[in-house]
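One structure is given below, encoded as structure tokens.
The values are calculated or read from the model by the stated rules, or taken from the named source; none is laboratory data. All values reported here derive from a predicted model rather than from experimental measurement. So basically every Cβ, Gly included, is an ideal-geometry build from the backbone, and we count neighbours across all protein chains shown.
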Amino acid sequence: MRILLIAALYPPNARGGAENSAANLAAWLAGQGHEVAVLTGARRDDEILDGEIVGGLRIWRLRTAHLYPAVEAPDAPLWQKPIWHLQDHFDPRNRRLVARVLDAFRPDFVGVHIIQGIGYAALAEIADRDLPTLVMLHDLGLACIRMSMFRSGENCRRQCVGCRLSARYKLSLIRRFRRVGFNSPSEANLAALAAFFPVSQYPHASIPNPNHYLPPMVARTGSDRVRLLYVGRLHRSKGVEILLDAAASLARSHRFQLAIVGGGVEEARLRARYPGAAWLRFHGQVSETEVADHMQNADLLCVPSVWRENWPGVVVRAQSLGLPVLGSRIGGIPELVEPGVTGDLAAPGDRRDWEAALGRILAEPERLTAWRRNAEATRDRFDQDALGQRMVAFMRAIAAAPKRL
């Protein structure tokens, strides 16, 4: 197939798991003999690519009609955001940009990974050409302008007026398609979206991202203390403060080391919370290889998220290395962690429950050995080729559908 993948964020302009999953899928599809192109956003004029071949893929990295590129959204002034979203929804220049790429590449299938930042009007162009399309549900973007249904430190129970209007517009675009389907890596994310957007009326699936992760470059070593690890953005939605407070309480009676790997808007405040603590170390943003190295020499990955994580790649990556996980009982995390077998679960945002869960593990660290062995046994569940083949089969089913199911 000739497949065009659309992802406003895409390496090297990447901030999270969705764009890395898009890159993994693009590379895997090309390796299977498909002709693959990627349409993504450029941060600056000197980054622009107009169909050049990069790593076996044709890349269109273009400037879109937005006040700022999508990769700079977290740092943009608040007053610019409403204007940006209006451009993202309606600016006809973004539709014309996508039309130019479609004319040049002439795909027979389109995969939409991150449309926000390219422009939702592009969906009308794709639909009007009757191109079969798979919309990847990496988030709740079809129901929420912020893409997360998370605001002011809490998960939204209902849509605000702006999100309701946005969702109606997006649904009007989806209804223009004759052949379209949706895939969410987790069942939880699919169910959360279905409460606000009628994905169940269309072909839909829950196929995990067919990702490949770089292996560690160091050997595993022993330690006389339990080595706890957090990997991810330092953002309020990630619940890192809960983890730090629980660990600080336990540090009075247990020997352990907690490594925090990652950066973000909360980094300075979190670093200042327990200055000089012997049990805590911040490593900042590191390379993908260094992430694997940290996991190789950790005993337990902690994922204290307070928002509805979809299918956190950090958990998949940890388990593929045999690293047990203590995660929040929210979103797609319970689909990955089997309590008492490959790790454990704690209540999101509940410091006491996190302290209790960590305390049980620190009091009986020998259970980590069994969890590690069990986690290693789950590796085949995340096999890239098996997941990629399932994805392609679903894509072919969408393309073959004579009408909306």
### Message
Among the residues that make up segment 71-91, is at least one of them under 15 Å from LEU4 (Cβ atoms), touching a residue at least 60 places away in the same chain (Cβ under 8 Å) and either polar (S, T, N, Q) or out of contact with any Pro (no Cβ under 6 Å at 6 or more places or on another chain) (or both)?
### Response
no
### Query
Taking segment 382-392 as the region of interest, how many residues are touching a helix residue (DSSP H, G or I) at 6+ places or on another chain (Cβ under 6 Å) and small (Gly, Ala, Ser)?
1
### Message
Quick check on this structure: which one of LEU258, LEU250, LEU243 is in the same structural domain as ASP344 (by TED's automatic domain parsing), in contact with a Leu (Cβ under 7 Å, 6 or more places away or on another chain), within 18 Å of ALA347 (Cβ to Cβ) and crowded, with 19+ Cβ neighbours inside 10 Å?
### Response
LEU250
### Query
Going by the structure shown, is GLN296 polar (S, T, N, Q) and surrounded by fewer than 19 Cβ atoms within 10 Å (Cβ to Cβ)?
yes
### Query
Tell me, which residue of segment 107-133 that is buried (at least 24 other Cβ atoms within 10 Å of the Cβ) and of a type in the set (A, V, I, L, M) is nearest to LEU86 (Cα to Cα)?
ILE118
### Task
Kindly indicate the residue of segment 282-326 that is acidic (Asp, Glu) and closer than 20 Å to ASP344 by Cβ and also farthest from the chain's Cα centre (by Cα) among those meeting that condition.
ASP299
### Query
Only one residue in ARG379, ARG329, ARG396, ARG351 is of a type in the set (D, E, K, R), in contact with a helix residue (DSSP H, G or I) (Cβ under 6 Å, 6 or more places away or on another chain) and modelled with pLDDT of 95 or more, so which one is that?
ARG351
### Task
Return the total of residues in segment 207-252 being touching a strand residue (DSSP E or B) at 6+ places or on another chain (Cβ under 8 Å), closer than 30 Å to SER172 by Cβ and assigned to a loop (DSSP other than H, G, I, E, B).
1
### Message
Of everything in segment 143-159, what is free of Cβ contacts under 8 Å to residues at least 60 places away in the same chain and surrounded by 14 or more Cβ atoms within 10 Å (Cβ to Cβ)? Give them in sequence order.
### Response
ALA143, CYS144, ARG146, MET147, ARG151, CYS156, GLN159
### Task
Please enumerate the residues belonging to segment 190-206 that are surrounded by 20 or more Cβ atoms within 10 Å (Cβ to Cβ) and either part of a loop (DSSP other than H, G, I, E, B) or not assigned by TED's automatic domain parsing to the domain that holds PRO132 (or both).
PHE197
### Query
Mind checking whether some residue in segment 87-96 is assigned to a helix (DSSP H, G or I), of a type in the set (Asp, Glu) and touching a helix residue (DSSP H, G or I) at 6+ places or on another chain (Cβ under 8 Å)?
yes
### Task
Go through GLY349, GLY388, GLY331 for me and flag whichever is part of a loop (DSSP other than H, G, I, E, B) and either among the β-branched types (Val, Ile, Thr) or more than 21 Å from ASP245 (Cα to Cα) (or both).
GLY331
### Task
Filter segment 171-189 down to residues that are surrounded by fewer than 20 Cβ atoms within 10 Å (Cβ to Cβ), over 29 Å from ASP380 (Cα atoms) and out of contact with any helix residue (DSSP H, G or I) (no Cβ under 6 Å at 6 or more places or on another chain), then give me how many there are.
4
### Query
Yes or no: VAL112 farther than 27 Å from GLY162 by Cβ and at pLDDT 95 or above?
no
### Task
For segment 391-405, enumerate the residues that are in a helix (DSSP H, G or I) and surrounded by fewer than 15 Cβ atoms within 10 Å (Cβ to Cβ).
ALA393, ARG396, ALA400
